[in-house]
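Asks: Before I ask anything, let me first share the structure, which is written out below as structure tokens.
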Amino acid sequence: ELKVEQNPLFLSTQEGKNYIIYCNYSATSDRLYWYRQNPGKSLESLFVLLSNGAVKQEGRLMASLDTKARLSTLYITAALQDLSAIYFCAVDTQCSPNATSLYPNLQLVGPLLLQEL
């Protein structure tokens, strides 16, 4: 059974500081996703990481993937109030060639609430 865990589960942030969120998973995964949900809004896709060593960045957010360690890391640099949200990581395991849906094994985990003081 696939297990996914985020650490830490809760952060109280200070503006301008840097933060790291870890996402560990227990089985080989083909894809790792990071999502964010702002209060009262729908889920927003941040990053899709597809291979070992993948690194993606957008603004003050950066994500990396280490498939050997089964770990993804989300870096938040110079946190500002607009980054206060609930963050989720998710993994997708191997689909069979006859799979009828693209993400049959998608498992959302978390949430991690990033909250301003």
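The values are calculated or read from the model by the stated rules, or taken from the named source; none is laboratory data. Everything numeric here is computed off the predicted structure, so don't read it as measured data. Positions of Cβ are backbone-derived with ideal geometry, glycine not excepted, and every protein chain shown enters the neighbour counts. For the accessible areas, the whole protein counts, side chains as well, though only heavy atoms, and no ligand, DNA or RNA atoms are used. Shrake-Rupley method; radii C 1.70, N 1.55, O 1.52, S 1.80 Å.
Asks: Measure off, as a whole percent, the carbon and sulfur share of the 1.4 Å-probe accessible area of segment 1-69, all protein chains present.
Replies: Carbon and sulfur atoms account for 47 percent of the accessible area of segment 1-69.
Asks: Tell me the net charge near Thr77. Cut-off is 11 Å between Cβ atoms, Thr77 excluded, with +1 for each Lys or Arg and -1 for each Asp or Glu.
Replies: Net of charged neighbours comes to +2.
Asks: Karplus couplings for segment 6-17 from phi (6.51 cos²θ - 1.76 cosθ + 1.60, θ = phi - 60°), rounded to Hz, Gly and Pro as x?
Replies: Here the 3J(HN,Hα) series is 10, 8, x, 8, 8, 9, 9, 9, 10, 4, x, 8 Hz.
Asks: Can you list the residues, at least 5 places off or on another chain, whose amide H is less than 5 Å from the amide H of Ala54, using H built in the peptide plane?
Replies: When sequence neighbours closer than 5 places are left aside, the close amide H contacts are Leu65.
Asks: Along the Cα→Cβ direction, 7 angstrom out, place labels at Lys56 and Glu5. What is the inter-label distance in nm?
Replies: Reported label-point gap for Lys56 and Glu5 is 2.6 nm.
Asks: Which of the lysines could be linked to Lys68 by a straight reach, that is with a Cα gap under 25 Å, when you skip same-chain ones fewer than 8 residues away?
Replies: Counting by Cα, and skipping residues close in sequence, Lys68 has these lysines nearby: Lys3, Lys56.
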